[in-house]
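One structure is given here, and the rest of the page talks about it.
The values are calculated or read from the model by the stated rules, or taken from the named source; none is laboratory data. Everything numeric in this text was worked out from a predicted model, so none of it was measured. Cβ placement follows ideal geometry from the backbone for every residue including glycine, while neighbour counts extend to all protein chains displayed.
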Number of protein chains: 2
Amino acid sequence: MGALGRIHNFGGGPAVLPLEVVTEVAESLPNMNGSGVGVMEVSHRSSVFQEVIDSAMDRMRRILAIPEDYEILFLQGGATTQFYMTALNLMSQNGMADFLVTGIWAKKALAEANRIGDGNAVWDGSDNDFKTVPNDGDYSIREDAAYLHYTSNNTLFGTQFHHLPDSGGKPRVVDASSDICGAPLDVSEHDLIYAGAQKNLGPSGVTVVILSPWAASRRKEGLPTMMDYHIHLSKRSMLNTPNTYGIFVLDRMLSWVERNGGLEGAIQRNKVKSEMLYSVLDGSEFWSPHAEEGSRSMMNVTWNLAEESLEPTFLAEATENEMGGLKGHRYIGGIRASLYNGCPVESVEALASFMTGFESRHG
Amino acid sequence: MGALGRIHNFGGGPAVLPLEVVTEVAESLPNMNGSGVGVMEVSHRSSVFQEVIDSAMDRMRRILAIPEDYEILFLQGGATTQFYMTALNLMSQNGMADFLVTGIWAKKALAEANRIGDGNAVWDGSDNDFKTVPNDGDYSIREDAAYLHYTSNNTLFGTQFHHLPDSGGKPRVVDASSDICGAPLDVSEHDLIYAGAQKNLGPSGVTVVILSPWAASRRKEGLPTMMDYHIHLSKRSMLNTPNTYGIFVLDRMLSWVERNGGLEGAIQRNKVKSEMLYSVLDGSEFWSPHAEEGSRSMMNVTWNLAEESLEPTFLAEATENEMGGLKGHRYIGGIRASLYNGCPVESVEALASFMTGFESRHG
């Protein structure tokens, strides 16, 4: 059992946070930054909170090297809200947008875009059980597409883009929910980036949206107020009461990332963690990893046992060994280990060692 | 200075919570209910979290005596999202809905409804600086209106309905953001109730929506997924990752309400607190309360000083005396004390005593 009785948590999100961050937040709950007011109880219109949100935006800008003329929003509603909102704001009525369908979330994003205009899957990995992401030659973008939408990391299937996908010169829109600030991301090559915070950046209930000048200037009249990027930008993410607590934790988590080597440090740790598991999985026929090499994710490692009937035993023994969140998403089953920014290397070492032992007992 | 250096917090929301609740949450942050996983880090698909959300819904049902055939949702996006969502789901395309415009929030709700159909202010208090809410004879509902929308408590102006407004036999939709679980509410007389949690029930980022069988059965095809009550209901508030932390705090706050006399206890405390301040305000010409008798709010007490130039001094001296959040909303200025469920009677006693002293020094 770890510190304070904490288990090794490999859940897909909301995900484990560094204990250092959790402790700092707990200490600020009754009285934040000496203000006399607790984190949950501070007015979003106060200077105390303005400092927090400004700090979180500055850190995000530094960590991701966000160009100065790009804008940042902290919204609510998760990526699922962004599936619709991106299309509503960026597509012309009855216009076109192209999608790389590398998993369930991409499919859902496409479905919402089709409420606005003509969304099209220029590539769809479903015939191959979503075991890979596409290469650049595998699809072509329609001439009239307003943008290309893709999902940088696919949590369910454990695949991830390790290159910037060709967009045929069109703007790129990316759902980076599961690898933002944990994998390489060239912001200047994208026009809109969105991500729920609950995997790499903090608790659920905060969505980060990064907009290029092009995305920020797309303006349609008459959109529902809460669905209009332009209005949120003009109100600096405080059109209405934001998730103040969530933004505070986001800032603390980003500070932790900065203290621990920034984006490069996070990438290195995530590489080390995932390679540790892939090395076990590739070591014998006992394991059957899902994603194909070249498309394998650093954030979510997914696999089956060659003998699938052993999977419940694997999960039960993992639980006995204080490891949780390993059950694969109900959509594909099997096993999944999520290795987001907050997941300590020690947890992955414990898992790799448990796997080796499990194989020798049951293999 | 109070416990842990906490000041008396009269902010309009996010608002003060009972220290008992804050402490309990802080203790659960690294390890929730002995699960080995912290509150922010628990999967929304786990049985541990399912127990939390079920408990919060059960408590809400008990506290408000919600009829069995009514449904409850915990969503994101605040009341501002509901301004649009209620109209989108409940109004027919180009249909009608009537509004009692008792303040800024009601006006905003009307504006969003007008994106869907024909929203109409059957009563508008703006000519009288929103000093009252209407009486039943003051307006009439259109025969073809789908529902009447009203705001039970008006935070900016400090007014509140103390009767169930006549709706001409139509369904009632109420924005109860600022008095839910703190003032009388006959749920069975309403068809849709919505409320941001950040005033009486917990942190920002959680919205409670209560739907009658009529509201739950209004179904339009093709709504954006996140805007469709029907889909949220079918997914039991977990269409996507909800604000898990916020729902945990909501449950803890509702438990506190139950331990402290339930709804009746909360109402009694809010009455005592507000009467304490109104009694000072009515005691001399030094003060100029904003709301008219009969419409005065138990949740937000708003006033000016007869000598308005003294207001900055009042606020500065209040700050010196460890009292915060008293500056009136930028829309109307003056002074406002918010006395939501989490505001202790002791804080209001301190404020009343400070006011009496201020008057004797400056009157």
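A few comments on the model shown:
- Scanning segment A:136-191 for residues that are closer than 20 Å to A:ILE210 by Cα and aromatic (Phe, Trp, Tyr) gives A:TYR147, A:TYR150, A:PHE161.
- Candidate set: segment A:10-66, residues that are more than 9 Å from every other protein chain (Cβ to nearest Cβ) and in a loop (DSSP other than H, G, I, E, B); chosen: the one nearest to A:GLY328 (Cα to Cα): A:PHE10
- Taken over segment A:1-46, the criterion of being free of Cβ contacts under 8 Å to residues at least 12 places away in the same chain and either farther than 18 Å from B:ALA15 by Cβ or surrounded by fewer than 20 Cβ atoms within 10 Å (Cβ to Cβ) (or both) is satisfied by A:GLY5, A:VAL22, A:THR23, A:ALA26, A:GLU27, A:GLY34, A:SER46.
- Residue count, segment A:151-208 (criterion: of a type in the set (S, T, N, Q), part of a loop (DSSP other than H, G, I, E, B) and under 24 Å from A:GLY77 (Cα atoms)): 7
- Qualifying residues in segment A:229-242 (those that are touching a residue at least 60 places away in the same chain (Cβ under 8 Å) and among the polar types (S, T, N, Q)) - the one surrounded by the fewest Cβ atoms within 10 Å (Cβ to Cβ): A:SER237
- Condition check for A:TYR70: of a type in the set (Phe, Trp, Tyr) and over 22 Å from A:ALA183 (Cβ atoms): no
- The lone criterion from (1) within 14 Å of another protein chain (Cβ to nearest Cβ); (2) more than 16 Å from B:MET85 (Cα to Cα) left unmet by B:SER237 is number (2).
- Note on segment B:243-270: among residues that are of a type in the set (S, T, N, Q) and within 22 Å of B:SER204 (Cα to Cα), the one that is surrounded by the fewest Cβ atoms within 10 Å (Cβ to Cβ) is B:SER255.
Let's see how each residue does on (1) over 27 Å from B:ASP138 (Cβ atoms); (2) in the same structural domain as B:MET60 (by TED's automatic domain parsing); (3) of a type in the set (D, E, K, R); (4) in contact with a helix residue (DSSP H, G or I) (Cβ under 7 Å, 6 or more places away or on another chain):
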position	(1), (2), (3), (4)
B:THR159	no, yes, no, no
B:HIS163	no, yes, no, no
B:LYS170	no, yes, yes, no
B:ILE180	no, yes, no, no
B:TYR194	no, yes, no, yes
B:ALA197	yes, yes, no, yes
B:GLY205	yes, yes, no, yes
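- Residue within segment B:201-224 that is farther than 30 Å from B:ALA26 by Cα, surrounded by 20 or more Cβ atoms within 10 Å (Cβ to Cβ), among the hydrophobic types (A, V, I, L, M, F, W, C) and touching a Leu at 6+ places or on another chain (Cβ under 6 Å) present: yes
- Residues of segment A:111-166 satisfying the condition of being of a type in the set (D, E, K, R), without any contact (Cβ under 8 Å) to a residue 40 or more places away in the chain and either buried (at least 20 other Cβ atoms within 10 Å of the Cβ) or within 20 Å of A:GLY12 (Cβ to Cβ) (or both): A:GLU112
- Check on A:GLU71, crowded, with 17+ Cβ neighbours inside 10 Å, more than 11 Å from chain B (Cβ to nearest Cβ), over 30 Å from A:VAL301 (Cα atoms) and acidic (Asp, Glu): yes
- Every test in (1) touching a helix residue (DSSP H, G or I) at 6+ places or on another chain (Cβ under 8 Å); (2) in a strand (DSSP E or B) is passed by B:LEU148 save one, and that test is (1).
- Residue match in segment B:97-111 (condition: part of a loop (DSSP other than H, G, I, E, B) and out of contact with any strand residue (DSSP E or B) (no Cβ under 6 Å at 6 or more places or on another chain)): no
- Scanning segment A:215-224 for residues that are over 15 Å from A:ASP175 (Cα atoms) and touching a helix residue (DSSP H, G or I) at 6+ places or on another chain (Cβ under 9 Å), we see that the one that is farthest from the other protein chains (Cβ to nearest Cβ) is A:SER217.
Yes or no, residue by residue, for (1) at positive phi; (2) in contact with a helix residue (DSSP H, G or I) (Cβ under 8 Å, 6 or more places away or on another chain); (3) modelled with pLDDT under 95; (4) assigned by TED's automatic domain parsing to the domain that holds B:THR244:
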site	(1), (2), (3), (4)
B:HIS8	no, yes, no, no
B:LEU17	no, yes, no, no
B:LEU29	no, yes, no, yes
B:ASN33	yes, yes, yes, yes
B:MET40	no, yes, no, yes
B:HIS44	no, yes, no, yes
B:ILE53	no, yes, no, yes
B:ASP58	no, no, no, yes
B:ARG62	no, yes, no, yes
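- Residues that are among the small types (Gly, Ala, Ser), modelled with pLDDT of 95 or more and surrounded by fewer than 17 Cβ atoms within 10 Å (Cβ to Cβ), drawn from segment B:310-349: B:ALA316
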